[in-house]
Amino acid sequence: MKKAELKVYREQLVALRARLRGDVTTMADSALKSGANNNGDLSRMPIHMADIGSDNFEQEFTLSLLANEEDTLDMIEAALERIEEGVYGACQECETAIPKTRLNAIPYTPFCVKCAAKSQTR
Ligand SMILES: [Zn+2]
């Protein structure tokens, strides 16, 4: 891959990492705050069991999103390392070049389409 192309992907990865880091912090804050409100503020106590369920669901949903975002951050870090090492754009499994259309969609992917499909069924 050309240096100019690498630079574009590097910039995308850095921007994505910054955005995710910002989002992770904001989401962690709001998840923790809503937890504190549910426990401590009686005026906001849900009356119906259904409400309690949906509150818990929302909080769990936010936290599971967080876990995924941290996975994504790890993948972004790894992709940035591959750029430094000069191996970015090659599948980590079979070492064939990952198509640019795929890199444009998911710049941090370590696998080609075939290997990604395989790893999901593993
Ligand atoms: Zn592959």
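The values are calculated or read from the model by the stated rules, or taken from the named source; none is laboratory data. What you see is a predicted model; the values in this text were computed from it and never measured. Using ideal geometry, Cβ is built from the backbone for each residue, glycine included, and neighbour counts are taken over all protein chains shown. Side chains are part of the model used for accessible areas, which takes the heavy atoms of the whole protein and leaves out ligands, DNA and RNA. Shrake-Rupley method; radii C 1.70, N 1.55, O 1.52, S 1.80 Å.
Observations on the model:
- Taking first residues from region 78-99 that are under 16 Å from Arg10 (Cα atoms) and partners that are open to solvent by 80 Å² or more (accessible area, probe 1.4 Å) and within 15 Å of the ligand (Cβ to nearest atom), the Cβ contacts under 7 Å between residues at least 6 apart in sequence or on separate chains come to Gly89/Ala97; Ala90/Ala97.
- Answer residue from region 82-119, given it is open to solvent by less than 80 Å² (accessible area, probe 1.4 Å) and hydroxyl-bearing (Ser, Thr, Tyr) and is nearest to the ligand (Cβ to nearest atom) among those: Thr96
- So Glu58, is it away from the ligand (no atom under 16 Å from the Cβ), part of a helix (DSSP H, G or I) and at pLDDT 90 or above: no
- Only residues that are within 18 Å of the chain's Cα centre (by Cα) and in a loop (DSSP other than H, G, I, E, B) were counted in region 98-111, giving 6.
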